[in-house]
1. Is it the case, given these coordinates, that residue 77 is among the acidic types (Asp, Glu), out of contact with any strand residue (DSSP E or B) (no Cβ under 9 Å at 6 or more places or on another chain), at negative phi and surrounded by fewer than 10 Cβ atoms within 10 Å (Cβ to Cβ)?
2. Before we move on, is residue 61 surrounded by 10 or more Cβ atoms within 10 Å (Cβ to Cβ) and not polar (S, T, N, Q)?
3. In this structure, is residue 25 within 22 Å of residue 2 (Cβ to Cβ) and either out of contact with any helix residue (DSSP H, G or I) (no Cβ under 8 Å at 6 or more places or on another chain) or surrounded by 10 or more Cβ atoms within 10 Å (Cβ to Cβ) (or both)?
4. Which of the helices (runs of 4 or more DSSP H) contained wholly in the stretch 1-63 include at least 3 residues that are in contact with a His (Cβ under 6 Å, 6 or more places away or on another chain)?
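What follows draws every value from the coordinates through simple rules; no lab data is involved. All values derive from a computational prediction rather than experimental measurement. Positions of Cβ are backbone-derived with ideal geometry, glycine not excepted, and every protein chain shown enters the neighbour counts.
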Amino acid sequence: MIQAVAILLICQLIGETLARGLALSIPGPVLGMALLLAGCLLSSRLADAVMPTAQGLLSHLSLLFVPAGVGVISHLDVLGGSGPALLAVLVASTALALVVGVLVFVAVARLTGDGGAQTPGESRP
């Protein structure tokens, strides 16, 4: 487990170093995850070593949101002034994401010739 956590942190460190050193607009942890993904695709041994620890971390992911919640509570005065604008942006971006998701699904269904319709009792191959 310690080895797997070390691998995760090393990937994050490399990503952070690349992001800051090359002045990239992509966050370092995202680059680190991409590096970890590439490593896992190239080496099943690496994927097998990291998998149990990663699943354990993901099962307790809700605990990682506690610091974000504390940050929101500590800046309620800022949110009070910008609250209506933030709410409007959240609602609009959610609606836009849903519409784009539906349009992409319809486009892919048309390209593949699969409308997604299935009669009762019919089984898919």
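1. Numbers: among the acidic types (Asp, Glu): yes; out of contact with any strand residue (DSSP E or B) (no Cβ under 9 Å at 6 or more places or on another chain): yes; at negative phi: yes; surrounded by fewer than 10 Cβ atoms within 10 Å (Cβ to Cβ): yes.
Yes, satisfied.
2. Working: surrounded by 10 or more Cβ atoms within 10 Å (Cβ to Cβ): no; not polar (S, T, N, Q): yes.
It is false that residue 61 is surrounded by 10 or more Cβ atoms within 10 Å (Cβ to Cβ) and not polar (S, T, N, Q).
3. Working: within 22 Å of residue 2 (Cβ to Cβ): no; either out of contact with any helix residue (DSSP H, G or I) (no Cβ under 8 Å at 6 or more places or on another chain) or surrounded by 10 or more Cβ atoms within 10 Å (Cβ to Cβ) (or both): yes.
It is false that residue 25 is within 22 Å of residue 2 (Cβ to Cβ) and either out of contact with any helix residue (DSSP H, G or I) (no Cβ under 8 Å at 6 or more places or on another chain) or surrounded by 10 or more Cβ atoms within 10 Å (Cβ to Cβ) (or both).
4. Numbers: elements: 2-21, 28-42, 44-59.
Qualifying helices (runs of 4 or more DSSP H): none found.
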